[in-house]
Amino acid sequence: MILAITQNGDPFSMPFQDFRQFLDALREHGELIDVNRPVALELEVAKAMKKSAAVSGPAIVFKQNGTKFPLVGGVYNSRAKALIALESTEETVVERILAGLAKRIAPVIVNKAPVHENVITDGFDLSKLPVPKYSPKDGGPYLTSGIVVSKDPETGVPDIGHYRFEVIDNQTLSFCALPNHRFAKNMAKARSKGAKTFSAAVVIGVDPIIAYTCPIQVPEGTNDFEVAGGLRGAPVELVQAKMVDVDVPAYAEFVIEFEVDFTKEAMEGPLGEYTGFYTPASMKPIARIKAITHRNDAYFQALLTGVPTTENHILKQLPFEASFLANMRKQFPTMEKVAVPPSGGVQFYIVMSMKPRFAGEARSALLAAISSNLRPKKVVVVNPDIDVHNSEQVEWAIAFRMQPKDVLVVDKVPPGPLDPSVDASVPTAKRTGSAIGIDATFPFGADVQSASDVPSGQVCGPALAEAGHEFFEVAAVPGWQQYDFPELDARSKKP
């Protein structure tokens, strides 16, 4: 086990050098199983992954998938696995991420790397890789776990991010990169300079911290490998790719180096996306393979997307929550917690808890959230006594702590990516949507007491009004969490 140091000088464990060590940890926690019977890549792998994810079940190694490479799926299918990856508990994980984000650690370049144990530069055959087809109407087999490494053609700063790749034929891929994402921006810069091609690489099977770094909201021009280094507490080791001008993680299981041809397009899609709906097929640039490198006895990786909750949502949730909270606290220092639930695709729905310092601050926070890069469609702000991750508590606050006048609607704002309710006939750059903000906090200045704070004999309503209170008390059952209940404890310990 490696010890890393936070920005405060506090040590924390950082055991995962690569994907394999993470798999070992999952197995030790009972979160990884092997399937030693034949399982088809077309739809059957997805059925198994979905069934396990539905019960927050284990990740799966499909050993007999029709190729020589074992296929691992479901490594990000539950919050419990995310906590294992981040070496944290539910109580410490957000601050653990925030501490890592506060310090950048630059990557180091190595000359030799495990990912170059096998190098293929011609005769490519993608059918030899275990790439699944997940949903019946998907356009074809999809590589959904890949992390694209690309560089800004003007500054040379690298970016990493998850992007979907469809297998068009045995030597060709196509992909979806939305205009507001950095991979697309890097390609747009290259095209504006007259380039006909753009080189990048897609990486499969990495240290989980690198995967959790991808969704983090950081300023333009940030070196994402420095962010990953901060989260790891140690530099990411990179190696120069064999045929394209990018540096890739040295301990990756697979790297597919490719060249985008701006002059050639293929029909990409449909794919069951993170919204839970198919995105329509459309013409996209093709990516020609330049090299495939992989480790000895390499693992390939599958990642399920579609109707929430899937790996796609869990993978984004904690990074989005932590980075969004950090940004909001700069303007609203009493912001305590943030939830970006899978039910909203970990994009379109945000719940925030805060203690407003003055009248109207909760509404200001709603507007700031709506205007953020997450582009949410629905934002709710509640008091700190509400658990933002508990939908029943949030709905209770909405039902009883607000009136319709506490709702604001903002029209003609940029919509979230791949929103199926937005008019798709409008060009992407011209599309707009609307967002709703719900202030479910107590009226500012209300002296709200819990039941344990109210003197014996007082009741809700008139008694509180006479005492100068502006809102009803919360009817709590004080001390229930600490109540000694041996009979219940004994029952919960039975096998």
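Residues checked against (1) under 27 Å from ILE84 (Cβ atoms); (2) open to solvent by less than 10 Å² (accessible area, probe 1.4 Å):
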residue: ALA241; (1), (2): no, yes
residue: PHE254; (1), (2): yes, yes
residue: LYS264; (1), (2): no, no
residue: TYR299; (1), (2): yes, no
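Would you list the strands (runs of 3 or more DSSP E) that sit entirely within segment 103-167 and hold 1 or more residues that are under 19 Å from LEU178 (Cβ atoms) and touching an Asp or Glu at 6+ places or on another chain (Cβ under 9 Å)?
Ranges flagged: 147-151, 158-162.
Could you list all residues from segment 38-54 that are out of contact with any strand residue (DSSP E or B) (no Cβ under 7 Å at 6 or more places or on another chain), open to solvent by less than 50 Å² (accessible area, probe 1.4 Å) and in contact (Cβ under 8 Å) with a residue 60 or more places away in the chain? Scanning segment 38-54 gives ALA46, ALA53. Taken over segment 270-307, residues that are part of a loop (DSSP other than H, G, I, E, B), out of contact with any helix residue (DSSP H, G or I) (no Cβ under 9 Å at 6 or more places or on another chain) and touching a residue at least 40 places away in the same chain (Cβ under 8 Å) amount to 6. Starting from residues that are assigned to a loop (DSSP other than H, G, I, E, B) and open to solvent by 60 Å² or more (accessible area, probe 1.4 Å), keep the ones in segment 384-398 and report whichever is farthest from SER343 (Cα to Cα). The selected residue is ASP385. Scanning segment 349-378 for residues being touching a strand residue (DSSP E or B) at 6+ places or on another chain (Cβ under 6 Å), touching a residue at least 40 places away in the same chain (Cβ under 8 Å) and not basic (Lys, Arg) gives a total of 7. The listed residues are VAL148, VAL131, VAL115, VAL157, and the only one of them that is modelled with pLDDT of 95 or more, under 26 Å from the mean Cα position of the chain (by Cα) and surrounded by fewer than 22 Cβ atoms within 10 Å (Cβ to Cβ) turns out to be VAL157. Residues that are among the small types (Gly, Ala, Ser), modelled with pLDDT of 95 or more, over 25 Å from ASP125 (Cβ atoms) and open to solvent by less than 10 Å² (accessible area, probe 1.4 Å) occur in segment 55-68; there is at least one. Residues in segment 309-332 that are in a helix (DSSP H, G or I) and among the polar types (S, T, N, Q) were compared, and the one that is surrounded by the most Cβ atoms within 10 Å (Cβ to Cβ) is ASN312.
Taken as a whole, the condition of being touching a Lys or Arg at 6+ places or on another chain (Cβ under 6 Å) and not hydroxyl-bearing (Ser, Thr, Tyr) does not apply to GLU237. Just so you know, in segment 85-112 the residues that are open to solvent by 40 Å² or more (accessible area, probe 1.4 Å) and charged (D, E, K, R) include one that is nearest to ASP245 (Cα to Cα), and it is LYS112. For segment 1-43, taking the residues that are among the polar types (S, T, N, Q) and part of a strand (DSSP E or B), the one that is modelled with the lowest pLDDT is identified as SER13. Just to verify a result, which residue in segment 177-231, among those that are part of a helix (DSSP H, G or I) and among the hydroxyl-bearing types (Ser, Thr, Tyr), is surrounded by the most Cβ atoms within 10 Å (Cβ to Cβ)? The qualifying residue surrounded by the most Cβ atoms within 10 Å (Cβ to Cβ) is THR213. VAL381 satisfies every condition listed in (1) in contact with a helix residue (DSSP H, G or I) (Cβ under 7 Å, 6 or more places away or on another chain); (2) more than 30 Å from VAL131 (Cα to Cα); (3) surrounded by fewer than 23 Cβ atoms within 10 Å (Cβ to Cβ); (4) in contact (Cβ under 8 Å) with a residue 60 or more places away in the chain except (3). Restricting attention to segment 399-421, the residues being under 15 Å from VAL382 (Cβ atoms) and either open to solvent by less than 40 Å² (accessible area, probe 1.4 Å) or among the charged types (D, E, K, R) (or both) number 3.
The values are calculated or read from the model by the stated rules, or taken from the named source; none is laboratory data. Source: prediction; values computed, not measured. Because the Cβ atoms are built from the backbone with ideal geometry, glycine has one as well, and the counts that use them run over all protein chains shown. Accessible surface areas use protein heavy atoms only, side chains included; no ligands, DNA or RNA. Shrake-Rupley method; radii C 1.70, N 1.55, O 1.52, S 1.80 Å.
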